[in-house]
């Protein structure tokens, strides 16, 4: 494995194990590793987001980030109304927090941080879910 990707073999094996446990890859009988359908969808979502920002912050899809994205995805018409009324949004709008607060059991601070991070990483635009955000939610549906 080390010959193909370089780096510490123990770290490579650990990373593959984590990816396999999350359902992103499957190890084939010949020892090769292949992306699963979920892995391929998540890969596409990450490629469509701001990849350099994701690498910089060592991003991982946390339940909080996914839940916030999912609420936006499920209530897209409500959010479109907020975005149309408020114009471009850089971090978050209080109306967004109000809608999300009704769904997952998250604090206002967690919601605000999630909205800001999702925008900075390219999963949420100033006026809509990005293609990366939609793909990420749909990967887990």
Original post:
Can you tell which of 124, 118, 129, 136 is in contact with a strand residue (DSSP E or B) (Cβ under 7 Å, 6 or more places away or on another chain), under 22 Å from residue 42 (Cα atoms) and modelled with pLDDT of 90 or more?
Top reply: 118
Subject >> Every residue from region 29-46 that is exposed (fewer than 11 other Cβ atoms within 10 Å of the Cβ) and outside any loop (DSSP other than H, G, I, E, B) >> reply: 34, 37
Original post:
If you go through region 31-63 one residue at a time, how many are at pLDDT 90 or above and under 20 Å from residue 113 (Cα atoms)?
Top reply: 0
Subject >> Per-region count, region 10-28, residues in a helix (DSSP H, G or I) and closer than 19 Å to residue 140 by Cβ >> reply: 4
**OP:** Report yes if some residue within region 89-97 is within 18 Å of residue 62 (Cβ to Cβ), in contact (Cβ under 8 Å) with a residue 60 or more places away in the chain and in a loop (DSSP other than H, G, I, E, B); otherwise report no.
**Re:** no
Original post:
Going by the conditions given, is residue 24 under 20 Å from residue 122 (Cβ atoms) and modelled with pLDDT of 85 or more?
Top reply: yes
**OP:** Kindly indicate the residue of region 106-127 that is in a loop (DSSP other than H, G, I, E, B) and free of Cβ contacts under 8 Å to residues at least 24 places away in the same chain and also surrounded by the fewest Cβ atoms within 10 Å (Cβ to Cβ) among those meeting that condition.
**Re:** 107
Subject >> Selection within region 83-105 - surrounded by 18 or more Cβ atoms within 10 Å (Cβ to Cβ) and over 21 Å from the mean Cα position of the chain (by Cα) >> reply: none
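The values are calculated or read from the model by the stated rules, or taken from the named source; none is laboratory data. The model shown is predicted, which means the values in this text are computed figures rather than measured ones. Please note: Cβ atoms are built from the backbone with ideal geometry, for glycine as well, and neighbour counts cover all protein chains shown.
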